[in-house]
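K.L.:
I'd like to ask you about the structure that follows.
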Amino acid sequence: MGPLTDLRPVPDNQEVFCHPRTDKSLIVELLELQAHMQGEAAARYHFEDVGRVQGSRVLQVQSVQPLNLESLALRGCCQEAWVLSGKLQVAKDVTLHQALLRVPPYQTDLLVTFNHPPPDNRSSVGPENLSPPSWNLGDFEQLVTSLTLHDPSIFGPQ
């Protein structure tokens, strides 16, 4: 995946990567900790907020599951972690996998979103038009659990 900053502006608290041949994207955001919400409600809040920002409506939350903190590389500073899968409707239905890592020592909610739009219907068939294998929820969880913090100054002065 290449950076999306060549296509549209990306705020400082976000990194966006877009697949060069599909509409799939991966977004990593550092957001203000929503301390007034806990558990599954916080995961749902961020999912609905992404929908509002994208101008879409939430079609369905398919699942919300806690992540085992012991499996996280960020377990030292993360107090709770959730994975949510759901569908939003923008121009077309888009499946999202989101991970919310709550990091109170840095007053941060770390949100990782994988956008998985439906495959394009292509008229020609050939190797160049074959879609790469889709990520599944297991692949996404492996990515999320392997995230590490190399430089705490990314959160600003503490």
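K.L.:
Kindly check whether there is at least one residue in the stretch 125-136 that is closer than 29 Å to Gly55 by Cβ, in contact with a strand residue (DSSP E or B) (Cβ under 7 Å, 6 or more places away or on another chain), at pLDDT 75 or above and not acidic (Asp, Glu).
P.N.:
No, the stretch 125-136 contains no residue that is closer than 29 Å to Gly55 by Cβ, in contact with a strand residue (DSSP E or B) (Cβ under 7 Å, 6 or more places away or on another chain), at pLDDT 75 or above and not acidic (Asp, Glu).
Okay, residues lined up against (1) of a type in the set (S, T, N, Q); (2) surrounded by fewer than 13 Cβ atoms within 10 Å (Cβ to Cβ); (3) more than 23 Å from Leu147 (Cα to Cα):
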{"residue": "Arg52", "(1), (2), (3)": "no, yes, yes"}
{"residue": "Arg57", "(1), (2), (3)": "no, yes, yes"}
{"residue": "Gln60", "(1), (2), (3)": "yes, yes, yes"}
{"residue": "Ser63", "(1), (2), (3)": "yes, yes, no"}
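K.L.:
Quick one: in the stretch 1-55, which of the residues that are polar (S, T, N, Q) and over 16 Å from the mean Cα position of the chain (by Cα) is modelled with the lowest pLDDT?
P.N.:
Thr5
K.L.:
Out of Thr108, Thr145, which single residue is among the polar types (S, T, N, Q), at pLDDT 80 or above, surrounded by 13 or more Cβ atoms within 10 Å (Cβ to Cβ) and out of contact with any strand residue (DSSP E or B) (no Cβ under 6 Å at 6 or more places or on another chain)?
P.N.:
One residue alone meets the criteria, Thr145.
The values are calculated or read from the model by the stated rules, or taken from the named source; none is laboratory data. All values derive from a computational prediction rather than experimental measurement. Cβ sites come from the backbone with ideal geometry, for glycine too, and all protein chains shown count toward neighbours.
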